[in-house]
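Working notes, structure below.
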Amino acid sequence: MKSFVVVLLLALAGVESVAQKRSYDTIPNMPEHYWVRMEKFKKEAVVPGKIVFLGNSITEGGKWKQLLKDSTVINRGISGDNTFGVLARIDDIVKLKPSSLFILIGTNDISKKIPDEAILENMFSIISKVKAGSPKTKIFIQSILPVNETVERFPQQFNNSNHINTINDQLARYATRMRYTYVDLYGKFIDSQGKLDVKYTYDGLHLNAVGYQHWVEVLKELKHL
């Protein structure tokens, strides 16, 4: 497993390390909020064996306890977060020893023009760390969701469909080899034009109550919950 990850990361990064060539912003979009959430998490009791949702504002906005009718579900979403932020805090997630870990991250990376290769490198590092530290955790990597530019609220997130599809394709491709479950949310949220269906969003990017309910229904239909 470890040797495969090394080879994969080298292939993604090319001859030179992506990190060595870094010329892009890796800081979460809302750094103050990031640390407020981190301080909140530190004060919470570590209760192993629970379901954990991990990601950015799309995850943070979910009322998972109510949606799943399970008061033990843990929400580790942080608005503005990206794959660098998740990688920096993944050890805290590992300490929770989740029964199931649902990860959705990457939207903010794309808006910052972080290269697809760097995003994937971080994703595979996150997966590798969870597998090493909590081998019994079932890892569910959820595809990056589509956006809808007809709702003009977050222009930096628009016109990124090629990047979203490239990353999702690679995450799906390596699921079996890296032993995680890929969840195609993208295909469940698009309309006939390939955009985020307006019935699931209030701003073209984030989900409304109907969107979150649909998300849970998809996970249940796939028997991931």
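Kindly evaluate Val210 against the criterion of being surrounded by 16 or more Cβ atoms within 10 Å (Cβ to Cβ), modelled with pLDDT of 95 or more and part of a helix (DSSP H, G or I).
So Val210 fails the test.
From the list Leu171, Leu225, pick out the single residue that is surrounded by fewer than 18 Cβ atoms within 10 Å (Cβ to Cβ) and hydrophobic (A, V, I, L, M, F, W, C).
Leu225
Restricting to segment 66-124, name every residue that is part of a helix (DSSP H, G or I), charged (D, E, K, R) and either in contact with a Leu (Cβ under 6 Å, 6 or more places away or on another chain) or in contact (Cβ under 8 Å) with a residue 40 or more places away in the chain (or both).
Arg89, Asp91, Asp92, Lys95, Asp116, Glu117, Glu121
Given the criteria modelled with pLDDT of 95 or more and in contact with a Phe, Trp or Tyr (Cβ under 9 Å, 6 or more places away or on another chain), does Lys63 qualify?
Against the criterion (modelled with pLDDT of 95 or more and in contact with a Phe, Trp or Tyr (Cβ under 9 Å, 6 or more places away or on another chain)), Lys63 qualifies.
Just for segment 1-54: of the residues that are of a type in the set (Gly, Ala, Ser) and part of a helix (DSSP H, G or I), which one is modelled with the highest pLDDT?
Result: Ser3.
So which of Val198, Val130 ends up being touching a residue at least 40 places away in the same chain (Cβ under 8 Å), within 20 Å of Pro98 (Cα to Cα) and β-branched (Val, Ile, Thr)?
Val130
Just one of the numbered conditions (1) polar (S, T, N, Q); (2) modelled with pLDDT under 95; (3) in a helix (DSSP H, G or I); (4) touching a Ser or Thr at 6+ places or on another chain (Cβ under 7 Å) is not true of Asn162; which one?
(4)
Looking at (1) within 15 Å of Ile167 (Cα to Cα); (2) at pLDDT 95 or above; (3) in a loop (DSSP other than H, G, I, E, B), can you tell me which one Lys136 breaks?
The one condition Lys136 does not meet is (1).
Go through (1) within 18 Å of Ile126 (Cα to Cα); (2) assigned to a loop (DSSP other than H, G, I, E, B) for Gly204 and report which single condition fails.
Only one criterion is unmet by Gly204, namely (1).
The values are calculated or read from the model by the stated rules, or taken from the named source; none is laboratory data. Remember, it's a predicted structure, so these values are computed and weren't measured experimentally. Methodologically, a virtual Cβ is constructed for each residue, glycine included, from the backbone with ideal geometry; neighbour enumeration extends over all protein chains shown.
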